[in-house]
Structure formats: C-alpha cells, structure tokens
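See structure below.
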Amino acid sequence: MPLPWIKMWLEALDDPKLTRMSLAERGAWWGILKLAGKCNAGGKLVSGGEGLGIDDIADALHIKNAEDRQSLESMIAKMEKRGSLKWNENHVLTVVHYEERQRIPPSSRPEAVAERVRLHRERQQRQKTGEGEAVGELGVISKLYEENIGVLTPVAAERLKDIAERYPPGWFGEALKEAVARGARNLKYIEAILERWKAEGFKTPKKGGGGEQRPGKGVRPKPTQERRRTITRIPGDKESDS
C-alpha cells in the first residue's frame with residue numbers, strides 16, 4: 001500500500017512568512033503540516049474528534065526540550081498573526097487553506113494508483129502468456145488493412161495494435177467485411193462496429209436495423225409515390241348513378 005504523503009511547495013523557500021522565522025521555527029512549521037496530513041481532517045489537528053492542545057502537538061512532534069518547545073509556541077503565534085494558522089471556535093488548531101493546497105487529483109488517489117498498477121500487471125501477464133497470439137493477430141489484421149483500406153501509417157499501426165489487444169481474434173476481419181459491404185473502408189467505422197460488438201455481443205446488429213452510418217453521410221430516404229385509390233361504384237349509389 002502506498003505510504004501517505006503531503007505536498008511541499010517550492011515557493012515556501014522564499015515565502016516572507018517563513019524566511020522571517022528562525023530555522024527551528026520553520027522546522028516546527030513543517031512538523032505542523034505533516035501532523036495535519038497525519039490527522040487527515042482538512043488541516044485540523046485532531047485525534048479521535050478532539051482538538052490537540054500544545055502539549056499534545058509537542059508530543060506528536062517528539063519535542064523533548066524547552067528550547068524546541070519555545071520554537072513551536074513562537075512559530076504558532078507568528079503564523080496565527082500572519083493568517084496561516086488559526087484556532088477555531090472549538091479551540092482546534094487549523095492550518096488555513098490546507099485542503100486547497102493539498103487537494104489530490106482523482107488520478108493520484110490511492111485507489112486510482114492501485115487500479116493503474118493492477119491493469120499494468122494484467123497487461124504484463126497477458127503479454128507473457130499470449131504474446132505470440134497477439135503478435136500473430138496483429139500481423140493478420142495489418143495485412144487485411146493494407147489489402148482493403150490502404151497504406152499502413154504509424155498512427156494506423158498503433159490503432160491496430162490496440163485493436164489486437166482489446167478484441168478477440170477474428171473480430172477485426174468480420175468487422176472489416178461489414179464495413180466494406182456498407183462502403184465504409186475506414187478504421188473509425190470498423191472501430192465503431194467492434195465497440196458495439198464488445199458492448200452487445202459479437203455480430204449483434206445495430207438496434208434499428210440500419211447498422212453504423214457511414215461517417216459524414218446521412219441516409220437519404222427513398223422517394224415514395226402515393227398510390228391512387230381505386231373507387232368501386234356500388235349499384236344503387238346515388239353518386240354513382242348521377
């Protein structure tokens with residue numbers, strides 16, 4: 001499991017709020033930030049829902065002597081005046097703007113990182129167990145592409161490599177047949193067919209019965225002719241006898 005961490009901003013090196021403090025006071029400030037990260041309460045220094053007092057904070061920072069204790073207290077007083085620390089109504093020491101400065105993007109959250117690691121390992125395992133099959137399928141679909149669509153560019157080659165890894169062998173050839181039959185010899189159209197089969201089942205016809213529309217062209221309805229109704233005259237009908 002990844003170790004917890006906090007962000008340390010380079011601008012702090014030249015921040016007047018910090019440069020006007022002693023080295024010991026700055027060390028106490030970094031300790032406060034780390035403690036806020038450990039508490040994981042949006043910048044509040046709490047434990048079990050209760051705010052940490054000065055003695056608790058000193059213990060958490062492993063402060064053992066009076067000199068370091070004095071540096072801690074003077075730092076808190078200075079940073080409170082400078083708007084970086086505050087005591088809230090429940091007498092909980094809070095790092096101001098901590099959440100804004102420490103916000104972790106979704107892609108960097110532990111669960112997202114773990115998911116990327118899992119997918120990477122699965123990809124490596126597939127490469128070990130089915131590398132020969134994937135390479136063979138890539139060769140097949142590359143040849144089909146060149147024979148039916150055109151020159152295999154580097155961009156197209158990368159897309160075919162992705163197709164070979166994502167879809168079962170043989171799917172590309174069948175999707176190509178359907179695309180050719182509809183006059184849409186392009187990779188985008190084939191990928192749309194593959195995506196539909198992946199979601200709905202192999203060779204499942206598109207709902208509505210028309211298949212994928214050729215990109216850039218609509219389906220023009222066939223003109224219809226109105227049929228003329230034949231009127232049958234009934235003997236005895238006044239209008240027919242007139």
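What about residue 17, is it assigned to a helix (DSSP H, G or I) and in contact with a Ser or Thr (Cβ under 7 Å, 6 or more places away or on another chain)?
When the stated conditions are applied, residue 17 passes them.
Is there any pair linking a residue in region 193-206 that is in contact (Cβ under 8 Å) with a residue 24 or more places away in the chain to one that is among the charged types (D, E, K, R) and not in a loop (DSSP other than H, G, I, E, B), with Cβ under 7 Å and at least six apart or on different chains, and which?
Listed pairs, sorted by first residue: 203/174.
What residue, among those in region 175-187 that are surrounded by 15 or more Cβ atoms within 10 Å (Cβ to Cβ) and not in a loop (DSSP other than H, G, I, E, B), is nearest to the chain's Cα centre (by Cα)?
187
Just for region 24-62: of the residues that are part of a helix (DSSP H, G or I) and among the β-branched types (Val, Ile, Thr), which one is surrounded by the most Cβ atoms within 10 Å (Cβ to Cβ)?
So the residue we want is 32.
Take region 63-72 and flag every residue that is surrounded by 15 or more Cβ atoms within 10 Å (Cβ to Cβ) and of a type in the set (Asp, Glu).
Result: 68, single match.
Restricting attention to region 119-166, and to residues there that are among the acidic types (Asp, Glu) and farther than 19 Å from residue 180 by Cβ, which single residue is modelled with the lowest pLDDT? Quick ask: steps written out before the conclusion?
Initially, region 119-166 is screened for residues among the acidic types (Asp, Glu), giving 122, 131, 133, 137, 146-147, 158, 162, 165.
Next, from what is left, pick out any that are farther than 19 Å from residue 180 by Cβ: 122, 131, 133, 137, 158, 162, 165.
On the way: 122: 83, 131: 53, 133: 57, 137: 85, 158: 92, 162: 92, 165: 90.
Filtering region 119-166 for residues that are among the acidic types (Asp, Glu) and farther than 19 Å from residue 180 by Cβ, the one modelled with the lowest pLDDT comes out as 131.
The values are calculated or read from the model by the stated rules, or taken from the named source; none is laboratory data. Since this is a predicted model, take the numbers as computed values, not measurements. When we count neighbours, we look across all protein chains shown, and the Cβ atoms used for this are built from the backbone with ideal geometry, even at glycine.
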